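Notes to accompany the following structure.
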Amino acid sequence: MKIGARQTLRLTYGIIPLISGADKFFNILADWKSYISPLISGILPIQPQQFMYLAGIAEITLGPLYRDWE
């Protein structure tokens, strides 16, 4: 079975958000809360780590949807 560039990109765009979204919980690839600006961190009504958990949930949820979108 030959896989074309389009299928490879669709698969990649589905997997990368899953990996980075899961990493928001484990901080293996990066310390994600340090990517939030101190200005924004002061405005948020929740802790920066909790905000990154929400971002991770969004990435995990929307990653597969983006892969199936044409």
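The values are calculated or read from the model by the stated rules, or taken from the named source; none is laboratory data. As the structure is a prediction and not an experimental result, all values here were calculated from the model. Glycine gets a Cβ as well: all are built from the backbone with ideal geometry, and neighbour counts include every protein chain shown. Remember, those area values only see protein heavy atoms, side chains included, never the ligands or the DNA or RNA. Shrake-Rupley method; radii C 1.70, N 1.55, O 1.52, S 1.80 Å.
Assorted remarks:
- Applying the criterion of being surrounded by 11 or more Cβ atoms within 10 Å (Cβ to Cβ) and among the hydroxyl-bearing types (Ser, Thr, Tyr) to the residues of segment 36-69, the residue that is nearest to residue 10 (Cα to Cα) is 66.
- Residue pairs meeting the criteria (Cβ under 7 Å; at least 6 apart or on separate chains; first assigned to a helix (DSSP H, G or I), in segment 50-62; second among the aromatic types (Phe, Trp, Tyr) and open to solvent by 40 Å² or more (accessible area, probe 1.4 Å)): 52/32; 53/25; 56/25
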